[in-house]
Each structure stands twice: as structure tokens, then as C-alpha cells.
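Data first, discussion second: the structure below is written as C-alpha cells.
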Amino acid sequence: MVADRIHSPVPATPPSPLGLPAAPFADACARAGLAPRDRALDDYRAFHRTGAIADWMNDAPLAGPIVREQREEVAEGTTVKFLQRIARGAAPDSLPPHAALNVESVIIPMIGRGGARTHTLCVSSQVGCAMGCEFCETARMGLVRSLTPSEIVGQWWAARHILGAPIRNIVFMGMGEPLDNLDAVLDAVAILTDHDGPGLAMSRVTISTVGRIDGLRRLATAMDRPGWRRLGLAVSINAPNDAIRSAIMPINRAMPMAELRDAVLAVPGLGRGRKVCFEYVLIPGVNDEPGHADELADYLRPFTAAGSTDGLTRGMVNVIPYNPRRESPWPAPDEASVERFVERLDAAGLFVRRRRTKGRAMMGACGQLGTDEIRRRK
């Protein structure tokens, strides 16, 4: 965890309240003579809870400025995609010198139980992505660079205190593969769930992965720590068999579905307060046939109550209608085909949900985030 690694020398500039949990932040400020520990802790709380920035924090690295907002009205409210400018850092030489690095995030309105309106924030963990999934716009950028913990938490701070959205849930489903930047992601989760900071419940945070088995094992170790056992996990499965998955998700060629399933089943706590969410992007003509639903149901049988030895449900399927990327060879599926697929999975005994499409018109839906200028670089 972050607190275990704080042994840095006195900083040349104030530490960012976005980049450390409360206690290490207050300790670092006191060692640097920036503020007494109690005052630093009070100012840290105010920064996260009200957005107030103490005078002595002005020189600290804070959230990148919002350089663009796009809004789309949906039944539950307004979906907002916003871009924050960040430092180029270790950007590759192939990136044009004038090209700015922007992080894309999406505020998704939700209606919870009892009709209460809430908001989920989809955050990015990288600029671009190295996974190369054929259906994803971000993949076409390649990996530009990973984000720091403060750049990840800065997306929450901007959504909450600049755009004024009361964020209830965080999902690491934006740009990038979280398990390729796992240390920074775990540090960001520690900050987001700090009771003196943003104060999000651990059960309201979900990390999504394409299925990096090595990273998944490291994540499972973190999820077994006290206080982390309600952290959510989502796995982008997107195919019923290895042949289809390897064609659209290159990771599967090195880490096939049987090995992935074993790694997920080894995640602690499944069926006892935690269920893994299997995300299935439904692509017309690729993975949407009735037989594909049957194959998927067979593959996920060990995660059902009927397929387990103890009668516990360990997983669910989230069917996501494909959101076309730029220059996509596939269209979005029609509503009837989505309903047929969902109904067939349900009849096969899977716990299944259908995700409502939000933000597609502004390239803000699942699989559509990505900077066009960077994508076009040679």
C-alpha cells in the first residue's frame, strides 16, 4: 500500500493531496515544514470534501485543467465526457511535439433503488492502451504512457469539485488496462477510499481488466487484505471460445480462456460478498449467435450456483451492446438481437444484466474513448 512505501526525502515542492492518503500526506508536509501535521490533515480533508485549496497548497501538483466537455442527455440524466490536460511526461518520440496529452473520463448518471439519482465515474488508468483489442477505440492509440496516482484521483476531483457531480461509484473502465499500471491503480484506490479523503466505500470501486493473468494474481493478493475485500472486479471476456477471443483480443493468444477462468476462480471471497462481473461486448456477426450464448454459459458454469460445489453464485454477465469505434467494420447491434442474447443466457441459468447505452453519440460510451490526433500518429 502507499503508506508502506512513504520514505521519500523532503520534497522540493509540496506533495499533491491527490497523490497520497491522508496520513502520509500530513507526515510529508510536516517533515517539509510546510504545515503542522494537524493543519495539513485538516486542509487535506477540506480539499477532498469541499474542494477548498489552502494557500500553502498552491504550488502542489493538482488536477489537470478540463479542456473540453461534452454532454448527452439520457433517461437517467446527463452523461458528461470531459478531457483533462496532463503533462507529456515520458511520451513516445512518435507523438507529434504539438500533440497534447489528454485524459478522458465519463460521468454516467444512474437511478438506484428507490429512484435515487446517483453518478458513476469511469476513470482512465493510462493514455492509450497496449492491449490491441480490435473493437476498442483506445487500443488504436497504442500505449502513450501510464497515469500517476494523482492523475487518476484528479479525475474524481475534477468530476466532484469542478463539474459538481456527486460521485457514488468509480469504475476503472476508461482508457488503458488497469493491470498494466497496477501499482498506481492500487495507490489511487487507497486514496479514493481514504476516510479523511474522498471517502468512497471500497465496495463502490471496480477494477476492470482484459484478463492479464499475471496482474490478476497480484490484484487478488491486494483484494485479500483487510479493508480491501469488497473491491469489485470486472473481466472483459467478450467471446465464447478461444478462436473468437484471440481474433478480437490479442491477449488471449498468450493467456487463453481456460487459464483465465482458473485465475478468476482463485480470487478470494467470490460468492461471499463479492461477485466477478464478466463483461461481454455484443458485436454483430462476431459473437452474437445463439450458439455463442450456449458456449458462454458452459464456460461460466463454475460461477453459477448450480455449477458450484457449495451453491454460491460467484459471477454475473454484463452484456454490453457494441459501441462502434471510428472506422469500425461492425455496426451497433439492434435491440432485438441484444434481447435474444440476454434471454438465452438467462434461460441457461446465468445471472445476467444488460447495460444501457449512454454516451455513444459523443464517443463517450464503453470502448469509444481515445484521442484521434494521437491515434493518427505514425
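Could you please let me know if Gly128 is of a type in the set (Gly, Ala, Ser), assigned by TED's automatic domain parsing to the domain that holds Trp330 and surrounded by fewer than 16 Cβ atoms within 10 Å (Cβ to Cβ)? First the steps, then the outcome.
Details: of a type in the set (Gly, Ala, Ser): yes; assigned by TED's automatic domain parsing to the domain that holds Trp330: yes; surrounded by fewer than 16 Cβ atoms within 10 Å (Cβ to Cβ): no.
Against the criterion (of a type in the set (Gly, Ala, Ser), assigned by TED's automatic domain parsing to the domain that holds Trp330 and surrounded by fewer than 16 Cβ atoms within 10 Å (Cβ to Cβ)), Gly128 does not qualify.
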> Taking only pairs six or more apart or across chains, which ones have beta-carbon atoms under 7 Å, a first residue in region 197-213 that is outside the structural domain of Leu231 (by TED's automatic domain parsing) and in a strand (DSSP E or B), and a second residue that is buried (at least 21 other Cβ atoms within 10 Å of the Cβ) and among the hydrophobic types (A, V, I, L, M, F, W, C)?
Replying inline: none
>> Looking for something assigned to a helix (DSSP H, G or I) and touching a helix residue (DSSP H, G or I) at 6+ places or on another chain (Cβ under 9 Å) - is there at least one such residue anywhere in region 101-118?
In response: no
>> Could you go through region 259-266 and let me know if any residue there is of a type outside the set (A, V, I, L, M, F, W, C) and either within 22 Å of Trp156 (Cα to Cα) or part of a loop (DSSP other than H, G, I, E, B) (or both).
In response: no
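Can you work out which of the residues in region 100-111 that are under 16 Å from Leu143 (Cα atoms) and not charged (D, E, K, R) is modelled with the lowest pLDDT?
By that ranking, first place goes to Ala100.
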> Taking the condition assigned by TED's automatic domain parsing to the domain that holds Arg326, touching a strand residue (DSSP E or B) at 6+ places or on another chain (Cβ under 8 Å) and in contact (Cβ under 8 Å) with a residue 40 or more places away in the chain, does Ala159 pass?
Replying inline: yes
> Does Val319 meet the test of being of a type outside the set (Phe, Trp, Tyr), touching a strand residue (DSSP E or B) at 6+ places or on another chain (Cβ under 9 Å), free of Cβ contacts under 8 Å to residues at least 40 places away in the same chain and surrounded by 14 or more Cβ atoms within 10 Å (Cβ to Cβ)?
Replying inline: yes
> Only one of these conditions is not met by Glu134: (1) at negative phi; (2) not in a loop (DSSP other than H, G, I, E, B). Which number is it?
Replying inline: (2)
> Given (1) buried (at least 24 other Cβ atoms within 10 Å of the Cβ); (2) at pLDDT below 95, where does Gly114 come up short, assuming only one miss?
Replying inline: (1)
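Can you give me the number of residues within region 15-70 that are outside any helix (DSSP H, G or I) and surrounded by 15 or more Cβ atoms within 10 Å (Cβ to Cβ)?
Restricting attention to region 15-70, the residues satisfying the condition of being outside any helix (DSSP H, G or I) are 15-21, 32-36, 50-54, 58-70.
Add one more test, that the residue is surrounded by 15 or more Cβ atoms within 10 Å (Cβ to Cβ), and what stays is 15-21, 32, 34-35, 53-54, 60-64, 66, 70.
The total comes to 19.
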> Can you tell me which residue in region 223-258 is farthest from the chain's Cα centre (by Cα), limited to those that are outside any loop (DSSP other than H, G, I, E, B) and surrounded by fewer than 17 Cβ atoms within 10 Å (Cβ to Cβ)?
Replying inline: Ala243
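Does region 145-157 contain at least one residue that is among the hydroxyl-bearing types (Ser, Thr, Tyr) and not in a loop (DSSP other than H, G, I, E, B)?
Yes: region 145-157 contains one or more residues that are among the hydroxyl-bearing types (Ser, Thr, Tyr) and not in a loop (DSSP other than H, G, I, E, B).
Among the listed residues Phe351, Phe303, which satisfies the condition of being surrounded by fewer than 21 Cβ atoms within 10 Å (Cβ to Cβ) and within 16 Å of Glu279 (Cα to Cα)? Let's see the steps before the verdict.
Details: Phe303 fails: surrounded by fewer than 21 Cβ atoms within 10 Å (Cβ to Cβ).
None of the other options fit; the residue is Phe351.
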>> Going through Gly227, Gly211, Gly232 one at a time, which residue ends up being in contact with a strand residue (DSSP E or B) (Cβ under 7 Å, 6 or more places away or on another chain) and modelled with pLDDT under 95?
In response: Gly211
> Exactly one of (1) farther than 30 Å from Arg354 by Cβ; (2) more than 16 Å from the chain's Cα centre (by Cα); (3) among the aromatic types (Phe, Trp, Tyr) is unmet by Phe135. Its number?
Replying inline: (1)
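The values are calculated or read from the model by the stated rules, or taken from the named source; none is laboratory data. All values derive from a computational prediction rather than experimental measurement. Neighbour counts are summed over all protein chains in view; Cβ atoms, including those assigned to glycine, are modelled from backbone coordinates with ideal geometry.
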